[in-house]
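Okay, so here's the structure we're looking at.
The values are calculated or read from the model by the stated rules, or taken from the named source; none is laboratory data. Small disclaimer: the values here were computed from a predicted structure and weren't measured. All Cβ positions, even for glycine, are placed from backbone atoms using ideal geometry, and neighbour counts span all protein chains on display. Please note that ligands, DNA and RNA were not included when accessible areas were found on the heavy atoms of the full protein model with its side chains. Shrake-Rupley method; radii C 1.70, N 1.55, O 1.52, S 1.80 Å.
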Amino acid sequence: MALLLSAIIFAPTIGAILLLFFDRKAIEPMRYTALAVTVVTFLLSLGLLVPFDTAMPDIQPNGEGGIQAGIVVEWIPDWEIFYRLGYDGISLPLILLTSFISLLAMLASWNITKQVRGYLILFLLLETGMLGVFLALDFFLFYVFWEVMLLPMYFLIGIWGGPRKEYAAIKFFLYTLAGSILMLIAMLMFYFGSASYTPGGHPTFNLLQLGEIAREGGFDPGMQLAAFILLFIGFAIKIPTFPFHTWLPDAHVEAPTPISMILAGVLLKMGGYGIIRIAFPLCPHGAYVAAWALVAIGAFSIIYGAFAAMAQTDFKRLVAYSSVSHMGYVLVGIAVWQIHELGGTDYWQMGMMGAMFQMIAHGISSAGMFFMVGVVYDRVHHRDLNRFGGLAGLMPLYSGLAAGIFFAGLGLPGLCGFIGEVFVVLSAWNYSPALAIVAAGGVILTAGYILWTLQRVYLGAEYKGPHPEALTPMVGREIFVAGVLLVFAIVLGVFPFLMFDLMDASTAQLVQSLEQGYQAAEAKAADVAAVLKERLLR
Amino acid sequence: MLDWIWILLTAAWLLPLLGFAVEVFGGYWQQSRRDRTPALIAVACIGAGFVLSVAAFIIWGSETHWGVFAAEPEHGDVPAQQAVEDTTREAAAEDASELQPADAGQQHSYRKAISGTIYTLARFGDLKLSIDYYVDSLTLVMFMMVTLIATCIHIFALGYMSDELTDEYVDHQAHTAGGDHVHRPGRYYLFFSYMSLFCFSMLGLVLAGNIFQVFIFWELVGICSYLLIGFYVERHSASTAANKAFIMNRVGDFGFLIGLMVIWTYFGTFSLGPETIGDETRPGIFAMVRNAEGGLDIRNESGSPVVHLNGSVAEADDAGAADGEAAVTAERTIPYWLLVVAGLGVFAGCIGKSAQFPLQTWLPDAMEGPTPVSALVHSATMVAAGVYLAGRFYPVFTPDVLLVMSYVGCITLFLAATIAVVATDIKRVLAYSTISQLGYMMLGIGVAGWAAGLFHLITHAFFKSLMFLCSGSVIIGCHHEQEMPRMGGLRRKMPITAYTMLVGVIAISGLAIPFTILGMKLAFSGYHSKDAIVATALAFNYKNPVHFLLFLVPLVTAGITAFYMFRLWFYTFCGEPRDRHIYDHAHESPRVMTLPLIVLAVFAAGVAVGGEGGPLYRMLLASEPAGVDVGSEAIDPTVAFIPEDVGYALVGQPARAEIHSVHAQAGAFALIAAAAGAVLAFLLYVVRVVDPGEIKRQVGGLYRFLIEKWHFDTLYDVAFVRPVHRVAAALAWFDRVVIDGILHWFANTSVRIASWDRKVDEGLVDGLVNLVGNVTFRVGRSLRAVQTGQLRQYIMFIALGVLSLFVLQFIFFPR
């Protein structure tokens, strides 16, 4: 079992090493090898489902002696750094999503003809980084994987990208790096701050232990708030939310199609995951204090992204802005932390699970949308929305699949986008009616820009752009990728409990422990205030 | 046996989905486009749905011993006591799908709803979202109506859409940039797959057992409507109309969503009937908000009214428990104003879906879709879903919301009728008439004529789908001509269409022979239902004289309705042909199209047989929420701010007895109005006492105002569409220029600092280093001159050195 976790992370790396031995010219064999590697990784990640106990909220699989992690191996013992992996209901869906989207993106990579070996190697290293982020339970390890993921992405955009690839790659890199540095500062704050709470007086990077300290009211509120802001900005860049989002349109526009799929499908989820896994559990008090700002930023991003999407004329840029809008729901859902007399934390749990579902749903729908843009871009080599039209007549199957995927993005019931969005919005009134109304207002704008796009691209009497002869029907590989994504969009939309069952226990526990952490910190602060008061009076 | 009811209905609901899957994925696009199989599958699915619905109805009837049709006292004399016997209280206490046998003590078992869960979508602690069913007599009526009409329309469409059965369809209304017509393969299979998907969505909406599920299918019928309006994707007008329909519906759904949020937060459930969570059964929304008498339990808490919600979890367990937490949860309340918000929110959804003022403008444009779509989606079923929901959700609506509803309906019915008078496109006249009739239904429900409003929904569905199909038959007969000024005299060419249409026209106008034969009025369905609405409005008017417009406007509009409907009929079918070419080529439609017309005509005439004593009305009445028949008194808020039991209301609602007492009077008024309208149309368009064109010129300003549809499209374009695009452009600019500008400033500044750094580095630091190096080098270089390699010279240097050392020593350190 412990081996499985490492195998999932490093299978792509092994694949990447394997590719080094291939002849530079053996392009097809390399592609199939890389594809096989992603398939194996996906199957391995499915293996996580086998021992997974949906009723158990803790990190799985359990080691003995109360160590709630799959693997704990000393790495740099002098600094208390461990190689510590494990998963629970919060990370499992994202791990599955990652290996799934990687597989499909690999299938979409057949059109890459430039320096194929380098591309494939970087692609696989990227997958290692992503999976590592979702499996790591040691803050330092998490940070390492976070950075590991960054570099391949930089090169993948910077070498295989479009005309302004250098600009986009650097923008992406610097933005993310700025976030990483903030995260690094926060990490060190917790590392050194934790020494006074651990039994042996050793500082720790163990996320579970740090979370436990926070749950018992450790880390004083001031520090929690400071650390939370640092962590939040670091993760908000990744989500991305207004005003940290402008790297996204550029990166997407310039990145090749499969990289856009990964970027939208997986990388953005790391921001949300980081907030849920690290920022909230480590600083519950800070999170509670900042919750209103988070919901407000999320709600504003929804509206802002939708408006910005509406004004775009570049097909890919439009989809990129729709990501900003959709990921706003994630932030709203995570942060609707309200202690209601009647519902208890049920509404918050609903928001949290809605947010996590939205991450999965967006992973599927946005990857699909980018893929659909890529299919037509590969044929006619332009993305100007005003120079399309009539594709429904020329490529009926493509148009049908694209309509389905775009409807998923539109939040149509029966498709995955609806569940995430509507659950978040429903839970939000309990927190703040005004912000809930703002968030709900997104439904009108989303319908507006998606339908308008469909009209401009797929409907109409004829195609208005260059290379009409290149608009050939989809090939089998493309049909497979799009079809699989649409099927998953439908399955998750109709049977959302498939995901919710995985998340339920872990989220419930998370919400409870955050609540306790906040109360404990409050109680401690009150104690301190009382002591101070007493001393002053004396 | 009772379980069979929902199983059958679920099967009827899912069959069209299966049909859709087969039709769309069955590969019918691959071979020839001439295959009728997908259409036949669609017809079979929906036809089977009808059979299953009827079977469910029969089971339901026999299980309740047909109590619904049993002789009852005349409706006016129903003692108020009986209303107490309601679904809600007992339903709350009993198992979800358990229905008591109809013994002596339980005469009204037919009034109970059967509800339960099909599967759970998600659970969050005590919150549950699921796919439920909720079946009462209203559900059954709706199921039979929808499946029957849909079957007729599907069969009609077999013929109507048959020109799609070709590999090269020429769309004469879609042009390429070169001005040619668009040629494309036929899409017969696609049309029927969309129709099947629509039927699935619509039936799901009716079967839905919770309001969230209603919302799900609400959106799904919306997207089906989008697909069907935009069926001719090549036509820009069609795709624009489809977008408009969906987006305007979303505006209403935005309100719906707000209503849902309030309900979810304060009720903690969406379920209409009792809901089971774990091993605990909780009451649904209706039982929570209404007490057994159908009243709202309003209390005054710290100066503002709140509504007490009954039977929450803890109360059901043990109301007097010492457990403090349970005592808290037992007091579930919702501030009164939020209940109003919830009601208005849900009603906003109804406004969008039923094309009520101010969201009415999408429906006429929706006529871009094929005519069977207009008949099924945009007149009989989907647009009526708004009214259905208003009826279904009635217990949650406070009197204030109902008053808003009445006025919205009232404005809509007048506004649409006036536009219908000047419209010349045969389908658009019908579209405006649909909007107007939906306004009647809303008004009816709003003035507490619950059963009257839904009665009109059912009758309207039949006669309006009939008329749309007739118009479709005319359009096909005239080779896709829709303008009435180019028709005329067609009854000689297409008699079946003409006379079935006449049935519909009489029905909608509400004409009747003002005496009874064998105790039954000689009248078509529309007379009964419109009569019921007008009577309720009149009784409402007597009770609340301030709101006299709610009676006057519908009455006047009844006349206008008769006028424009007869105008349509005379214009199309009577007089001399105005376009010889069209007339000469006109023909009666094939039997596959006329047969549904005849069937629908029979129903349009007879579905409401017996009026308010008839089976249809009794079926509807069996689902009426408690307390509606008792009515309420108007409360003057200055006298009694918080009333004890009747509800917090600015308006009084008429009791059934009061409505009954003014029925004859209202009926007479309505009949006079309708007859006047019909006669006027006859005079203008058949006898031609005055030339209508002359009138048009006389009131040119008004005419243009009406032709421009009261300028709503222009207004919305200026007020909403353009500002939205402008804001979007502004935000995109902000993104590009401001945010990225700041970033670029930082980047450029860094680069500039770096270049200064480079200068400092190269000029100063490197300069110093280089200086040292250079000096050393130069010194070394200059010293090279002395490296001659000549021994004598070196010795001389050494000697000179030693000498100078001694000299220095003597100078600096003299002894």
For this session: State the dimensionless ratio Rg/Rh of the range B:425-479 (Rg: radius of gyration of Cα atoms; Rh: Kirkwood radius).
Result: 1.12
Problem set entry | Reachable lysines from A:Lys25, criterion Cα separation under 23 angstrom, eight or more residues apart if same chain | A:Lys114
Problem set entry | Spin-label zone in the range B:409-435 - amide nitrogen under 16 Å from a point set 7 Å from the Cα of B:Tyr703 along the C-beta vector | B:419-425
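For chain B, compute Rh as the Kirkwood radius over C-alpha pairs and then the Stokes-Einstein diffusion coefficient at 10 °C and 1.306 mPa s; write the answer in µm²/s, rounded to an integer. Before the final figure, lay out each step's value.
On the way: Rh = 29.9 Å.
Here the translational diffusion coefficient equals 53 µm²/s.
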Exercise. Ranked from highest to lowest mean number of other Cβ atoms within 10 Å per residue, what is the order of the peptides B:135-141, A:359-365, B:758-764?
Worked result: A:359-365, B:135-141, B:758-764
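So for each of A:217-228, A:378-389 I average, over its residues, the number of other beta carbons within 10 Å; can you give me the resulting order with the highest mean first?
Highest mean packing first, the order is A:217-228, A:378-389.
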Exercise. Pairs A:Lys238/B:Lys244; B:Lys353/B:Lys427; B:Lys112/B:Lys543; A:Lys269/A:Lys464: which are spaced more than 26 Å apart, C-alpha to C-alpha?
Worked result: A:Lys238/B:Lys244; B:Lys112/B:Lys543; A:Lys269/A:Lys464
Exercise. What FRET efficiency would be calculated for the residue pair B:Trp756, B:Arg726, taking the C-beta separation as r and a Förster radius of 45 Å, to the nearest 0.05?
Worked result: 0.60
Exercise. What nm distance separates the two modelled labels at A:His382 and A:Val528, each placed 7 Å from Cα along Cα→Cβ?
Worked result: 6.3
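I'd like the carbon and sulfur percentage of the solvent accessible area for the protein assembly as shown, probe radius 1.4 Å, heavy atoms only, ligands and nucleic acids excluded.
Carbon and sulfur: 66 percent of the exposed surface of the protein assembly as shown.
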Seminar exercise, completed: Per the rule of 0.36 nm per residue minus the C-alpha distance, extending B:Trp337 to B:Ser32 adds in nm 103.8 nm
Problem set entry | Residues in the range B:210-225 occluded by at least 10 Å² - accessible area, probe radius 1.4 Å, against chain by itself | B:Phe212, B:Phe215, B:Ile216, B:Glu219, B:Leu220, B:Ile223
Exercise. In degrees, nearest 10, range 0 to 90: what is the angle between the Cα axis of helix B:450-477 and the longest Cα principal axis of chain B?
Worked result: 80
Problem set entry | Average beta carbon contacts from partner chains per residue of B:118-131, 10 Å cutoff | 6
Exercise. Kirkwood hydrodynamic radius (Cα pairs, Å) of chain A?
Worked result: 23.5
For this session: Skip the ligands, DNA and RNA, and give the accessible area per residue of the protein assembly as shown with a 1.4 Å probe, whole Å².
Result: 36
Exercise. How about B:Lys530: which lysines have a C-alpha closer than 18 Å to its C-alpha, ignoring those fewer than 8 places off in the same chain?
Worked result: B:Lys464, B:Lys521
Seminar exercise, completed: Filtering chain A for DSSP H helices with an axial alpha carbon extent of at least 15 Å and a Kyte-Doolittle mean of at least 1.6 returns A:2-20, A:92-107, A:116-135, A:139-160, A:221-238, A:416-428, A:476-494
For this session: Mind grabbing the interface size between A and B? I mean buried accessible area, both sides, 1.4 Å probe, in Å² to the nearest hundred.
Result: 5100
Exercise. For the range A:264-404, how big is Rg over Rh, using alpha carbon atoms and the Kirkwood form of Rh?
Worked result: 1.09
Exercise. If r is the Cβ-Cβ distance from B:Gln793 to B:Val769 and R0 is 25 Å, what FRET efficiency results, to the nearest 0.05?
Worked result: 0.15
Exercise. What order do you get for A:119-127, B:370-378 when each peptide is scored by the mean count of other beta carbon atoms within 10 Å, highest first?
Worked result: B:370-378, A:119-127
For this session: Enter the angle in degrees (range 0 to 90, nearest 10) between the Cα long axis of helix B:791-812 and the first principal axis of the Cα atoms of chain B, meaning the one along which they spread out most.
Result: 90
For this session: With everything on Cα atoms, drop me the angle between helix B:382-392 and the longest principal axis of chain B, reported from 0 to 90° to the nearest 10.
Result: 80
Problem set entry | Partner chain coverage, peptide A:485-497 - average Cβ within 10 angstrom | 1
Problem set entry | Relative contact order (percent, whole number), the range B:347-427, Cα cutoff 8 Å, 6+ residue spacing | 35
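How shielded is B:380-392 by partner chains, expressed as the average number of their Cβ atoms within 10 Å of its Cβ atoms?
For this peptide, the per-residue mean of nearby foreign Cβ atoms is 0.
How high is the relative contact order of chain A? Use alpha-carbon pairs under 8 Å, at least six apart in sequence, and give a whole percent.
Result for chain A is 16 percent.
Would you calculate a helix-derived [θ] at 222 nm for the protein assembly as shown, using -39,500 (n - 2.57) for each DSSP H run of n ≥ 4 and dividing by the full residue count, to the nearest 500? Let's see the in-between values first.
Numbers: 52 runs with 863 residues, N = 1353.
So the calculated ellipticity at 222 nm is -21500 deg cm²/dmol.
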Exercise. Taking the alpha-carbon set of the protein assembly as shown, what are its Rg and Dmax in Å?
Worked result: 36.8, 160
Exercise. Charges only on Cβ, +1 for Lys and Arg, -1 for Asp and Glu: so what's the dipole of the protein assembly as shown about the Cα centre, in debye to the nearest 20?
Worked result: 5540
For this session: Would you calculate the separation in nanometres between label points at B:Phe810 and A:Leu49, each defined as 7 Å from the Cα along the Cα-to-beta-carbon direction?
Result: 10.6
For this session: Could you estimate the translational diffusion coefficient of the range B:486-707 from the Stokes-Einstein equation, with Rh from the Kirkwood formula over C-alpha pairs, at 37 °C and 0.692 mPa s, in whole µm²/s?
Result: 163
For this session: Net charge near B:Trp60: determine it from the other residues with C-beta under 11 Å of the C-beta of B:Trp60, scoring Lys and Arg +1 and Asp and Glu -1.
Result: -1
For this session: Starting from the Cα of A:Leu537, step 7 Å along the direction of its Cβ; do the same at A:Asn111; then give the gap between the two resulting points in nm.
Result: 7.4
